[in-house]
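*Asks:* Sharing a structure here in structure tokens format.
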Ligand SMILES: [Zn+2]
């Protein structure tokens, strides 16, 4: 990189990473020790954002429907699970080592290899298959009989519990099982901030259908999942659906499509929707010797259900919402950074600001702050000019700011400032809670 390049203004992605650090959204993991590559910690503001993303998904996929139930499986599972699923033999990337600098690269990423060749003349080893699962030992003895894996996906937890859910929940097809949780993949080349990390959180759902009905449900879930991002404010121009070519499909799959987002580093996968046939349940039935079929009372047939799987990443979705919301505009002649997050996703819903630090205004503001806190994430701020305080809230995407002023003390109304319109209106304090809840969930 030339000196001139280094001096130029940080690009959009850098500005977002800087904001994330400066305002407590995302910190580098173990930063005081120099950081741990590709691991990130969500700060006080970021943890609220990601929780809101996950809750928006859960609300949509579980609570608001009658045909999907939730599950929360352990991360460590029986090692046979990963043999049955194909992960032990097939979950690999081709890897090459540089004999000189010892760096490791994906053999199928020519651009990365070319970049390395610019700075190092080391010879590369032959390509070999590298399994992406993290291995560890269960119990005190480190021997091969005790090897377990950190799960590389949450999906298998739903498949191995299919019978339990069926027996206990009196479900009829079609129905789904949803789960959110951490997964681990020992990626050779992680990167792009939260986009590709070795530890990440998934939001997956397995939808079980009668064989023959998979095509209609595949189309249904592609549309549902695409629209979810739009409903939460992603700009339509930044979202697209990419259907996989037949040579990209796993041998058992009948179809697979990615919801892709236009990140500053290019179009990249946010979520995959896959038509997986009966492959997973049949594999587990064979390896466990347990019956995982379903008896259809209407048609009096017994069969193994087919599966449609929408699999999303909580961190990727959080990054996409963050990137999409990031904006810079001008208010009263000053440039401001603003996160135009959907109110449902905003980490802080409302800021409570006394205009002056006198005349009983701070006390009144504290009273309103205490009333709102049990219902929504709120912040109180009395430091600095009112304009500065608005800017601080704009930077973390707070949709509403209340100002308690002279008039509040006389008639009980406060001003409600809208982050995007920067307009203000007066609302009586007795109507505040209902009004804010209506605007947040509306
Ligand atoms: Zn090298």
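*Asks:* Within segment 137-146, restricting attention to residues that are out of contact with any helix residue (DSSP H, G or I) (no Cβ under 6 Å at 6 or more places or on another chain) and loosely packed, with under 13 Cβ neighbours inside 10 Å, which residue is farthest from residue 89 (Cα to Cα)?
*Replies:* First, pick out the residues of segment 137-146 that are out of contact with any helix residue (DSSP H, G or I) (no Cβ under 6 Å at 6 or more places or on another chain): 140-146.
Filter once more, so that each one left must be loosely packed, with under 13 Cβ neighbours inside 10 Å: 140-145.
Details: 140: 26, 141: 24, 142: 22, 143: 20, 144: 16, 145: 17 Å.
Taking the candidates together, the pick is 140.
*Asks:* Taking segment 313-354 on its own, how many of its residues are surrounded by fewer than 20 Cβ atoms within 10 Å (Cβ to Cβ) and either out of contact with any strand residue (DSSP E or B) (no Cβ under 7 Å at 6 or more places or on another chain) or over 30 Å from residue 226 (Cβ atoms) (or both)?
*Replies:* Summing the residues that are surrounded by fewer than 20 Cβ atoms within 10 Å (Cβ to Cβ) and either out of contact with any strand residue (DSSP E or B) (no Cβ under 7 Å at 6 or more places or on another chain) or over 30 Å from residue 226 (Cβ atoms) (or both) in segment 313-354 gives 9.
*Asks:* Now for a separate question. Test residue 85 against the stated conditions and say whether it is free of Cβ contacts under 8 Å to residues at least 40 places away in the same chain, closer than 23 Å to residue 152 by Cβ and surrounded by 14 or more Cβ atoms within 10 Å (Cβ to Cβ). First the steps, then the outcome.
*Replies:* Values: free of Cβ contacts under 8 Å to residues at least 40 places away in the same chain: no; closer than 23 Å to residue 152 by Cβ: yes; surrounded by 14 or more Cβ atoms within 10 Å (Cβ to Cβ): yes.
So residue 85 fails the test.
*Asks:* Scanning for something modelled with pLDDT under 95 and touching a helix residue (DSSP H, G or I) at 6+ places or on another chain (Cβ under 8 Å), does segment 156-165 turn up at least one residue?
*Replies:* The answer is no, given that none of the residues of segment 156-165 is modelled with pLDDT under 95 and touching a helix residue (DSSP H, G or I) at 6+ places or on another chain (Cβ under 8 Å).
*Asks:* If you don't mind, there's one more thing I want to ask. Might you let me know whether segment 195-215 holds any residue that is without any contact (Cβ under 8 Å) to a residue 12 or more places away in the chain and in a helix (DSSP H, G or I)?
*Replies:* no
*Asks:* Only one of (1) crowded, with 18+ Cβ neighbours inside 10 Å; (2) free of Cβ contacts under 8 Å to residues at least 24 places away in the same chain is not met by residue 394, so which one is it?
*Replies:* (2)
*Asks:* Please go through segment 81-107 and pick out each residue that is farther than 18 Å from residue 198 by Cα and either within 16 Å of the ligand (Cβ to nearest atom) or over 27 Å from the mean Cα position of the chain (by Cα) (or both).
*Replies:* Within segment 81-107, 83, 84, 89, 96, 97, 98, 99, 100, 101, 102, 107 meet the criteria.
*Asks:* Right, something else. Anything in segment 162-172 that is in contact with a strand residue (DSSP E or B) (Cβ under 9 Å, 6 or more places away or on another chain) and surrounded by fewer than 20 Cβ atoms within 10 Å (Cβ to Cβ)? List them, or say none.
*Replies:* Within segment 162-172, the subset in contact with a strand residue (DSSP E or B) (Cβ under 9 Å, 6 or more places away or on another chain) is 162, 165-166, 169, 171-172.
If the condition is that a residue be in contact with a strand residue (DSSP E or B) (Cβ under 9 Å, 6 or more places away or on another chain) and surrounded by fewer than 20 Cβ atoms within 10 Å (Cβ to Cβ), then 165, 169, 171, 172 are the ones that fit.
*Asks:* Right, another one. Please count how many residues of segment 123-136 are within 16 Å of the ligand (Cβ to nearest atom) and surrounded by 15 or more Cβ atoms within 10 Å (Cβ to Cβ). Walk me through how you get there before you give the answer.
*Replies:* As a first pass, look at segment 123-136 and keep what is within 16 Å of the ligand (Cβ to nearest atom): 123-127.
Okay, now just the ones that are also surrounded by 15 or more Cβ atoms within 10 Å (Cβ to Cβ), so 124, 127.
Final tally of qualifying residues: 2.
*Asks:* I need the full set of residues from segment 255-288 which are within 22 Å of residue 216 (Cα to Cα), in contact with a helix residue (DSSP H, G or I) (Cβ under 6 Å, 6 or more places away or on another chain) and surrounded by fewer than 20 Cβ atoms within 10 Å (Cβ to Cβ), in order please.
*Replies:* 255 - this is the single residue of segment 255-288 that is within 22 Å of residue 216 (Cα to Cα), in contact with a helix residue (DSSP H, G or I) (Cβ under 6 Å, 6 or more places away or on another chain) and surrounded by fewer than 20 Cβ atoms within 10 Å (Cβ to Cβ).
*Asks:* In segment 30-57, how many residues are surrounded by 15 or more Cβ atoms within 10 Å (Cβ to Cβ) and touching a strand residue (DSSP E or B) at 6+ places or on another chain (Cβ under 7 Å)?
*Replies:* First, the residues of segment 30-57 that are surrounded by 15 or more Cβ atoms within 10 Å (Cβ to Cβ): 38, 40, 42-43, 45-54, 56-57.
Filter once more, keeping what is touching a strand residue (DSSP E or B) at 6+ places or on another chain (Cβ under 7 Å): 38, 40, 42-43, 46, 50, 54, 57.
Of the residues in that region, 8 qualify.
*Asks:* Okay, moving on. Which pairs turn up if I take residues in segment 341-357 that are without any contact (Cβ under 8 Å) to a residue 24 or more places away in the chain and look for partners that are surrounded by 24 or more Cβ atoms within 10 Å (Cβ to Cβ) with beta carbon separation below 6 Å, at least 6 apart in sequence or on another chain?
*Replies:* Filtered contacts from segment 341-357: no entries.
*Asks:* While we're on this one: Scanning for something over 30 Å from residue 15 (Cα atoms), surrounded by fewer than 20 Cβ atoms within 10 Å (Cβ to Cβ) and either in contact with a strand residue (DSSP E or B) (Cβ under 9 Å, 6 or more places away or on another chain) or not assigned by TED's automatic domain parsing to the domain that holds residue 231 (or both), does segment 400-408 turn up at least one residue?
*Replies:* Step one: filter segment 400-408 for residues over 30 Å from residue 15 (Cα atoms), giving 404-408.
Retained after the next criterion (residues that are surrounded by fewer than 20 Cβ atoms within 10 Å (Cβ to Cβ)): 406-407.
Keeping just the survivors that are either in contact with a strand residue (DSSP E or B) (Cβ under 9 Å, 6 or more places away or on another chain) or not assigned by TED's automatic domain parsing to the domain that holds residue 231 (or both) gives 406-407.
Yes.
*Asks:* Next question. Go through segment 216-262 and give me each residue that's outside any loop (DSSP other than H, G, I, E, B) and within 14 Å of the chain's Cα centre (by Cα).
*Replies:* Within segment 216-262, the first condition is being outside any loop (DSSP other than H, G, I, E, B), and the residues that meet it are 216-231, 236-243, 246-248, 255-262.
Scanning segment 216-262 gives 225, 228, 229, 259, 260, 261.
*Asks:* Shifting gears a bit: I'm told residue 110 meets every condition in (1) in contact with a helix residue (DSSP H, G or I) (Cβ under 7 Å, 6 or more places away or on another chain); (2) more than 19 Å from residue 198 (Cβ to Cβ); (3) within 16 Å of the ligand (Cβ to nearest atom) except one. Can you identify the failing condition by its number?
*Replies:* (1)
*Asks:* Next up: Here are some conditions: (1) without any contact (Cβ under 8 Å) to a residue 24 or more places away in the chain; (2) over 20 Å from residue 357 (Cβ atoms); (3) surrounded by fewer than 17 Cβ atoms within 10 Å (Cβ to Cβ); (4) within 33 Å of the chain's Cα centre (by Cα). Residue 425 meets all but one. Which one does it not meet?
*Replies:* Of everything listed in (1) without any contact (Cβ under 8 Å) to a residue 24 or more places away in the chain; (2) over 20 Å from residue 357 (Cβ atoms); (3) surrounded by fewer than 17 Cβ atoms within 10 Å (Cβ to Cβ); (4) within 33 Å of the chain's Cα centre (by Cα), residue 425 misses just condition (4).
*Asks:* With respect to the numbered conditions (1) assigned to a loop (DSSP other than H, G, I, E, B); (2) modelled with pLDDT under 95; (3) in contact with a strand residue (DSSP E or B) (Cβ under 9 Å, 6 or more places away or on another chain), which one is the sole condition not fulfilled by residue 421?
*Replies:* All conditions are met except number (3).
*Asks:* Can you tell me which residues in segment 368-384 are closer than 12 Å to residue 348 by Cα and assigned to a loop (DSSP other than H, G, I, E, B)?
*Replies:* Correct list: 373, 375, 376, 377.
*Asks:* Quick one: is residue 363 in the same structural domain as residue 42 (by TED's automatic domain parsing), modelled with pLDDT of 95 or more and either surrounded by fewer than 23 Cβ atoms within 10 Å (Cβ to Cβ) or touching a strand residue (DSSP E or B) at 6+ places or on another chain (Cβ under 7 Å) (or both)? Steps first, answer last, please.
*Replies:* Numbers: in the same structural domain as residue 42 (by TED's automatic domain parsing): no; modelled with pLDDT of 95 or more: yes; either surrounded by fewer than 23 Cβ atoms within 10 Å (Cβ to Cβ) or touching a strand residue (DSSP E or B) at 6+ places or on another chain (Cβ under 7 Å) (or both): yes.
No; evaluated as a whole, the condition is false for this residue.
The values are calculated or read from the model by the stated rules, or taken from the named source; none is laboratory data. Keep in mind the model is a prediction, meaning the values are calculated, not measured. Don't worry about glycine lacking a Cβ; one is built from the backbone with ideal geometry, like all the others, and counts go over all protein chains shown.
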